[in-house]
Amino acid sequence: FTKPFLTENSHNRKSEIENNLKLPWFMGPSGRVDEVLKRYRQLAPLLQKKGLHIHELGCNARLAWYLVLDNGMKLKLGRNESKTKVQRFLNIYNRLAMQLRKPSGKNSVLHVDLRYTNGLAVQTEQVK
């Protein structure tokens, strides 16, 4: 696939193209590729409605799921009901983002733990 990355002047554009593509990283135990892709197809459209995109999606050997958004926020989903948990997160996302926005305009939320049945826990950056 060298040809598409070359310009008329034979300038290598591979790194430029890779930097502009916003493809997600998929992580997980070998043999779980189909499951990871299925989960991505379920969750990505929900997040995109709020302008959020999955940067990384994966699970560990115990099939505890997590995702990292393109804004750097990590969501811990646990082993079951990922779609329901992401929807719960999205229901409070705007309020959460507004309350925790730093003066620089960046989000100070590091992790959102959605493994709880009826709630969530939020970890933010420490104020210095």
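Taken together, the values in this text are just the output of simple stated rules run on the coordinates, not laboratory data. This structure is a prediction, so every number in the text was calculated from the model and none was measured. Reconstructed Cβ throughout: ideal geometry from the backbone, glycine too, with neighbour counts over all protein chains shown.
General remarks:
- Put a dot 7 Å past the Cα of Leu110, heading toward its Cβ, do the same for Glu81, and the two dots end up 2.7 nm apart.
- Counting 0.36 nm for each residue step from Leu23 to Gln99 and taking away their Cα separation leaves a gain of 24.4 nm.
- Label-to-label distance for Glu125 and Ala44 is 2.9 nm, based on points extended 7 Å past Cα in the beta-carbon direction.
- Remark: spin-label model distance Lys74-Ser30 equals 2.5 nm, labels positioned 7 Å along the Cα→Cβ axis.
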